[in-house]
Amino acid sequence: MSQRGDVLIKGGKVVDGTGAPAFAADVRLSGGRIVEVGPDLEAASSEVVNAEGCYVTPGFIDTHTHYDGTLFWDPSCDPILQHGVTTILIGNCSLGLAPVRKENVSDLATLFSYIEDLPKDIFESEIPWNWESFKDYADEMRSRRFGVNVAALVSHSLLRTFELGEAAWFRASTEKETSRIAAHFDAAMAAGAFGVSSSRFDRNPSGNLVPSFHADPVEIDSLFAVAAKRKGIFQVIPDMGSLDQQEKDLREYCGYSVAHGGVPVISNGIFQRPDDPHYHPRLIGVAKEERANGANFRFLASPRSIELLVNFHQAMVFIYVPSWNAVVQADMSVEEKRKRLADPDWRAQARVDWDAVKEGFPSGGAIHDFRVVKVGKGEYEPYVGKTFDVLLREREGHPSDILADWVLENDFEPEFVYPFTNTDDRIVGELLAADESIISASDAGAHIGMFDGAGDTTLVLTRHVRNRAGMTLETAVKRMSLEQAELLGLKDRGIIKVGAIADITVFDLQTLHWGVEKKVKDLPGGKGRFRRPVGGFRYTFVNGVLAQREGEPTGELAARFLDGGDRVTV
């Protein structure tokens, strides 16, 4: 079943992606497309695939991944295909691989690896870096085949550094520079980009805000003008340092959307926060108001209870505590780090930095909820599975000092899991179903030393459809397929109908399972990552080719880099 020959998916119930009720029908594929949908179709010369007891749905689309680098060392993007996903969007969060000047490749690798917690050496060595312009990058991607179809945004920060160089990190662009930045974006859209991504939040290891933060309103407006002309989208991370600032940024970007005829704006993200019950209602209220005013705006919504693995070699959780962050991110030996944590002056500054944080870790006593998952010495094994609150009660002193002592005692090897959002499944379900959101915030491909974002589709179907009955299957499928396709402007995807591209997944809802990720060492050089178990999907077809069967990839890389020909532009 390696070619795009005739295949008959027989005996299943079709959920077509439109939200319509499921119906019994067979689905015939040929030449990479759906050619027939109906009951009791004749097998004829088609190869028959048994879908009895299963639902047959469009392949799912994940509009928030960071597989940009992974595609070069694992073109299948394992295991997202085994969770029913057939198309991904990369280039999110003002991060991407193009455009980039040759002399800036190392800096880009450092930035991407830092923000998304990826091994920099792999990022530099496994990516060919044989491009500068986005067009040349797109040509390289078009020469390759993948396990899932790939759409890409272009990074606002890279557009700025491509034009301004180092100055992009510190100032707004001039009138001429703004014009050229817009021209670079226009050229990227012409070469196949689906839009642009921007950030007012992320920083580099030195603490400098990313270049897109320094864009002034004239520059941002010029990008929206291009997005409007080319029918692209605008993805943005607002400044999340405070809820007031986040609201201000969101209203500003919604204003650009209105001014430019409804350019779609996607924001990271909408979460239920146990430390602030007013957080998500306020943001939903902002979205309702701005949408009523004509903004084409959506939040990304995640089904996961967001838990980050915290270690002391590469973790972003300390981003708001400069003294701690400098130690965690520093390229120094463990012995040098030991001296730093034992230094009374460092400890004094760390306490000040710690207490200065008003929102985000460690405000609100977040350290109490750290769950110990690894220790560095056998004598501390009894603490595994307990929260750090136990240590805080046992020991006297400032939480920063107690944590520093714990790290030193465990030879910098302790690890924690920190649950900081989406702890109430009922509220999470409401956010997933909200008109103001889209189900797509997996972050798959990023933070691989902390979690595996693949599998959000399976979690929606198991926890929120099957177990909680908080959403119908038909609604969940629509929200993870056709809604995503329409948002991105993808032609003939996200739906089961005659003439549509044959991206299809087949599953028995009762046998799907969302498992806890485990550490594997399958990256280049034997490096480790967290990998989620496969989801229990029976079959997944990509562009009409059987790509996975019962959780096992078939080895077929039938997917490709999507471009302008795959987009609705009128």
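Of the strands (runs of 3 or more DSSP E) lying entirely inside segment 26-76, those containing at least 2 residues that are modelled with pLDDT of 95 or more and under 11 Å from LYS10 (Cα atoms) span 26-30, 33-38, 47-50, 55-58. Of the residues making up segment 471-510, those that are among the polar types (S, T, N, Q), buried (at least 21 other Cβ atoms within 10 Å of the Cβ) and assigned to a loop (DSSP other than H, G, I, E, B) number 1.
Condition check for PHE537 on (1) more than 20 Å from the chain's Cα centre (by Cα); (2) among the hydrophobic types (A, V, I, L, M, F, W, C); (3) part of a helix (DSSP H, G or I); (4) within 29 Å of ALA152 (Cβ to Cβ): one failure, at (3).
Applying the selection to segment 261-293, what residues are under 17 Å from LEU487 (Cβ atoms) and out of contact with any Asp or Glu (no Cβ under 8 Å at 6 or more places or on another chain)? GLY261, GLY262, VAL263, PRO264, VAL265, ILE266, SER267, ASN268, GLY269, GLU290, listed by residue number.
Residue-by-condition table, conditions (1) under 30 Å from MET240 (Cα atoms); (2) of a type in the set (Phe, Trp, Tyr):
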{"residue": "ASP355", "(1), (2)": "yes, no"}
{"residue": "GLY365", "(1), (2)": "yes, no"}
{"residue": "ASP369", "(1), (2)": "yes, no"}
{"residue": "TYR380", "(1), (2)": "no, yes"}
{"residue": "PHE388", "(1), (2)": "yes, yes"}
{"residue": "LEU403", "(1), (2)": "yes, no"}
{"residue": "ASP411", "(1), (2)": "no, no"}
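Of the residues making up segment 214-254, those that are in contact with a Leu (Cβ under 9 Å, 6 or more places away or on another chain), aliphatic (A, V, I, L, M) and not in a helix (DSSP H, G or I) are ALA215, ILE233, VAL236.
Against the list (1) in contact with a helix residue (DSSP H, G or I) (Cβ under 6 Å, 6 or more places away or on another chain); (2) surrounded by fewer than 17 Cβ atoms within 10 Å (Cβ to Cβ); (3) more than 19 Å from ASN410 (Cβ to Cβ), the condition HIS368 fails is (3).
So, of the residues in segment 327-347 that are closer than 23 Å to LEU111 by Cα and touching a residue at least 12 places away in the same chain (Cβ under 8 Å), which turns out to be surrounded by the most Cβ atoms within 10 Å (Cβ to Cβ)? Applying the filter and picking the extreme gives VAL327. The set of residues in segment 194-218 that are of a type in the set (Asp, Glu) and modelled with pLDDT of 95 or more contains only ASP216. Quick check on segment 352-399: of everything there that is under 31 Å from the mean Cα position of the chain (by Cα) and of a type in the set (Ser, Thr, Tyr), which residue is nearest to VAL317 (Cα to Cα)? Here the answer is SER363.
The values are calculated or read from the model by the stated rules, or taken from the named source; none is laboratory data. From a predicted model like this one, the values you see are computed outputs, not experimental measurements. Positions of Cβ are generated from backbone atoms using ideal geometry, with glycine treated the same way; all protein chains shown enter the neighbour counts.
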